[in-house]
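Throughout, read-outs are computed from the coordinates displayed, never taken from laboratory work. As the structure is a prediction and not an experimental result, all values here were calculated from the model. Please note: Cβ atoms are built from the backbone with ideal geometry, for glycine as well, and neighbour counts cover all protein chains shown.
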Amino acid sequence: MEDNLSNFMIYGTYPAAVKDFEGAIDTLSDYVDGILFKDVFKLADIRRNSRFVDLVSLLAYRIGSEVSLESLGNELKKGKKIYFMDLGIRNALIGDFSPLSERPDAGQLWENFFFMERVKIHDTLRDRKRIFFWRTKTNKPNKLDFIEVRNREMEAFECKLSEKAKAKPGNAFLSAYPECRIHVVTPSNALPLLGMTDDE
């Protein structure tokens, strides 16, 4: 299963792509070009709008990063993190299916993938866990990729590609939430946190 993680980060989990990773680029490109926007515009009852397509592409480049909604022309001022439900579709939107080892956005792909898999787990379990992004407002902010909360119990996750990397939540977080378990999640140790084992 761990061997497939890089395929999932490049080609996503769209069933037709998973069924045939070798043909996934054509499958995903055809889906984005011929179906995705057509369905979105039909549901929203709007015409194809190049500015909307540009906005979606811009967001696709910013996965895992904090995005100021104000900078996108929205009245809201609080920053949000952007994630795509399916990374294959995201990569088709930006036209980049290069291998994970050659990508400058590999860390963002890993964070997006792990985050969305955790969301799917909680949705399946219906365990009512809420998920938050956390960072300080200092010049050199401390941060955690996301925190899961239920009934005052917290579990934090920092997604990294290197097994030597460490989380840096800062002393303020550690003092305020000493019982919060912090996981540094890498592709080599993530399977148990995704409800999987090496032999799946």
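Applying 1/(1 + (r/R0)^6) with R0 = 35 Å to the Cβ-Cβ distance of L193 and E22, what FRET efficiency is obtained, to the nearest 0.05?
On the way: r = 29 Å, r/R0 = 0.83.
That pair, L193 with E22, gives E of 0.75.
Label-to-label distance, R130 versus Y61, with points set 7 angstrom from Cα along the beta-carbon direction: 3.4 nm. Put simply, when 186-194, 97-105, 23-31 are sorted by average Cβ atoms within 10 angstrom per residue, most first, you get 23-31, 186-194, 97-105.
Pairs over the 29 Å Cα-Cα cut-off, from the set K140/K160; K19/K143; K81/K166: K19/K143.
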